[in-house]
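The values are calculated or read from the model by the stated rules, or taken from the named source; none is laboratory data. Keep in mind it's a predicted model, so treat the numbers as computed, not measured. Heads up, the Cβs are rebuilt from the backbone with ideal geometry, glycines too, and the neighbour counts pull from every protein chain shown.
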Amino acid sequence: MNKFGLVFKHYFMRLMKDKLGLALQIILPLFIILFMLSMPDEDYPYVGQAWAIAISNYVISFSLFGGQWAMGYIFDDLKETRKWRLLATPVDEGLFRRAAMLASMLISFTNSVIIITVATIARPVEWNNLWLLIGILILTILLSHSFCYFLTIVMKDYKSANGLSNFILMGLAIIGGGIIMGIQNLVNLDAFTFIHDYVTPLSMGRQAILHGGIGGAFIDGELIIGLTDWSIVMLNVGLLLGLTMLFAVASSVMRRRKNHDHV
Amino acid sequence: MITSMKNVVKVYGEVRALDNLNLEIAEGEVLGLLGPNGSGKTTAIHTLCGLIEANSGDVNVFGMKQDIRNLKTRQQMGLVTQEVTVFKDLTAIENLRYFGGLYGLKGAELEANIKEVLEFVELTDRAHKKPGTFSGGMQRRLNIACSLVHKPKFLIMDEPTVAIDPQSRNHILESVKQIAARGTTILYTSHYMEEVQEICSRIVVMDAGRAIASGTVEELINQIQHEETVRITAITATDILTNQLKAVAGVKSVNVTGNKYVIVSSVGSGNLNRILEIAQRHGGVADFNADKPNLEDVFLTLTGKKLRDEV
């Protein structure tokens, strides 16, 4: 096994032994989805498509939090407790970071697939375009990890990084999710609808899957200013990719600058 | 030379953590690095390991220039940090497998080294237990084992006995002696003079980022002009005894409180027997002791600071 394989396996094993992490990242989403699935179906047309939209929204929302798990390990190993010990080994710091992130991404993705599988078995979900959902999930998982990777570079300690990431990710989940639409129903401001529909990564992922087929009958007549469904999919995929790249490039630049500052 | 640092400067903002530091360590040597907190010991160690880069000066390890990009030198180096850095969620053997693997060991060689280091630190029976179930001393021994599993040629130990019980400390000190006996070059830092005195062949005293003295314990003691204090409890205190003691060559002062005499004389004046002889003749000796200068005095004289009080 080469060194990347060794470090990847090491993080994978530790993540799988982390009881609190497993509870928050795997058991909790699974528990919530099982609770959702236990609700009786209402008898109306396109119920299968409604399930597909609900499950898609749910897994995308949770995938945005995936990067936080690996972030804790990176802080502990490379910025806090074990920093000097691990950096004194003949292994590049970047390899530790990449391996930890990849292990976390794999678990995050597997968890989403398990949720989708459970939902498909339990309910007559009409996915229409499951591969698009898988693709968007990969993108949101990448974005989440890219953002948290960036925090491991710019933030000094885990406590601050975790606090900031919680604030941002929870905030995005709230304004991109159902809560802001509840406020919209009260105040009737178009701005809230706009934010909910287009501004957050959750909105981008949702727009892409809805217009890519999963929206089915629910998306009719909701085209944005003359764009075709697939243009909307590509636009949102591009935005998610762009954000992911933005954090990746910023991380790379900041790491180089920090290395330079050692001199 | 295994390693050398020449005129190394490392600045953090306004602070010169290393101020033209010069340090050389010969192959097979056990060098003790002494210094109070903030003297630059850890910065020196991090620079030697290539974990931080100096602003100026030359750092060489195994004949290669050391810097943060040089991973080759690290292959043959081991670092034992002050903190226990083993993974508490892995067993002892999993920790050793991981650290060995990071140094490129695999297969039979890795397993043989693991068996050897576990025996060496006397943790064979704990191999499959998690370090969370270990005592503080056992965790430190595992910490050391993880730094030895790849059999480094040059081992750096940064205060490896901090906050452990005397039994574990003795065990670690014995281990260090055995590692040194195998020919491993060791750089050892500690706040405990007696440890350094016991295991190191040479000592470097650091203060304010500089190496201010270097040598064996005896050489360092000889470097300082110090006084020797002799305490005598006489059976009978007499003026003759006081006057006779004051007349001894090298004696600087004689203080008398009741029948207790405190005599201060120059180190190396060789007058201890003379003082005892006079005391026995003119008053009789009930009790006697003499304080010779030790490493603590050397440190205090050179830096103006007490080593352990600074901790």
> Of B:ALA234, B:ALA211, which residue is of a type in the set (A, V, I, L, M, F, W, C) and free of Cβ contacts under 8 Å to residues at least 60 places away in the same chain?
Replying inline: B:ALA234
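Which helices (runs of 4 or more DSSP H) sit wholly inside segment A:60-159 and have at least 1 residues that are in contact (Cβ under 8 Å) with a residue 24 or more places away in the chain and among the hydroxyl-bearing types (Ser, Thr, Tyr)? Can you show your working first?
Numbers: elements: A:67-74, A:83-87, A:93-122, A:130-154.
Filter on segment A:60-159 gives A:67-74, A:93-122, A:130-154.
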>> Take the conditions buried (at least 22 other Cβ atoms within 10 Å of the Cβ) and either within 18 Å of B:GLY78 (Cβ to Cβ) or touching a residue at least 24 places away in the same chain (Cβ under 8 Å) (or both) and apply them to B:MET157. Does it pass?
In response: yes
> Of all the residues that make up segment A:70-102, how many are more than 14 Å from chain B (Cβ to nearest Cβ) and under 20 Å from A:ILE27 (Cβ atoms)?
Replying inline: 2
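Within the group B:THR236, B:THR242, which residue is of a type in the set (Ser, Thr, Tyr) and in a helix (DSSP H, G or I)?
Working: B:THR236 fails: in a helix (DSSP H, G or I).
Every option except B:THR242 fails the conditions.
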>> With the requirement that a residue be among the β-branched types (Val, Ile, Thr) and within 20 Å of B:ASN70 (Cα to Cα), what does segment A:87-126 give you?
In response: A:THR89, A:VAL91
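This table checks each residue for (1) surrounded by fewer than 23 Cβ atoms within 10 Å (Cβ to Cβ); (2) within 13 Å of chain A (Cβ to nearest Cβ); (3) assigned to a loop (DSSP other than H, G, I, E, B).
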| site | (1), (2), (3) |
| --- | --- |
| B:GLY32 | no, no, no |
| B:PRO36 | yes, no, yes |
| B:THR42 | yes, yes, no |
| B:GLY50 | no, yes, yes |
| B:GLY57 | yes, yes, no |
| B:ILE68 | yes, yes, yes |
| B:GLN82 | yes, yes, yes |
| B:LEU90 | yes, yes, yes |
| B:LEU96 | no, yes, no |
> Are there any pairs with C-beta distances below 6 angstrom linking a residue in segment A:185-212 that is under 14 Å from A:LEU139 (Cα atoms) to a residue that is of a type in the set (D, E, K, R), with the two at least 6 apart or on different chains, and if so which?
Replying inline: A:SER203/A:ASP197
>> Take the conditions within 23 Å of A:ILE32 (Cα to Cα) and free of Cβ contacts under 8 Å to residues at least 24 places away in the same chain and apply them to A:ILE168. Does it pass?
In response: yes
>> All but one of (1) at pLDDT below 90; (2) under 26 Å from A:MET105 (Cα atoms); (3) among the polar types (S, T, N, Q) hold for A:THR152; state the number of the condition that does not hold.
In response: (1)
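Does B:ALA145 satisfy the criteria of being buried (at least 19 other Cβ atoms within 10 Å of the Cβ) and either in a strand (DSSP E or B) or assigned by TED's automatic domain parsing to the domain that holds B:ASP19 (or both)? Explain how you work it out, then say what you get.
Values: buried (at least 19 other Cβ atoms within 10 Å of the Cβ): yes; either in a strand (DSSP E or B) or assigned by TED's automatic domain parsing to the domain that holds B:ASP19 (or both): yes.
Yes, satisfied.
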> Here is a list of conditions, (1) surrounded by fewer than 16 Cβ atoms within 10 Å (Cβ to Cβ); (2) within 16 Å of the chain's Cα centre (by Cα); (3) among the β-branched types (Val, Ile, Thr), and A:ILE141 meets all of them except one; can you say which number that is?
Replying inline: (1)
>> For segment B:99-130, give me each residue that is surrounded by fewer than 21 Cβ atoms within 10 Å (Cβ to Cβ) and within 13 Å of chain A (Cβ to nearest Cβ).
In response: B:GLY104, B:LEU105, B:LYS106, B:GLY107, B:LEU110, B:LYS130
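Just checking, which of A:LEU106, A:LEU169 is away from every other protein chain (no Cβ under 14 Å), touching a Leu at 6+ places or on another chain (Cβ under 8 Å), surrounded by fewer than 23 Cβ atoms within 10 Å (Cβ to Cβ) and under 21 Å from A:PRO201 (Cβ atoms)? Working first, answer last.
Numbers: A:LEU106 fails: touching a Leu at 6+ places or on another chain (Cβ under 8 Å).
From the options A:LEU106, A:LEU169, the qualifying one is A:LEU169.
State the number of residues belonging to segment A:17-35 that are surrounded by fewer than 16 Cβ atoms within 10 Å (Cβ to Cβ) and more than 10 Å from chain B (Cβ to nearest Cβ).
Filtering segment A:17-35 down to residues surrounded by fewer than 16 Cβ atoms within 10 Å (Cβ to Cβ) leaves A:17, A:19-20, A:23-24, A:27-28, A:30-32, A:34-35.
Those still in the list that are more than 10 Å from chain B (Cβ to nearest Cβ) too: A:20, A:23-24, A:27-28, A:30-32, A:34-35.
So the count comes out to 10.
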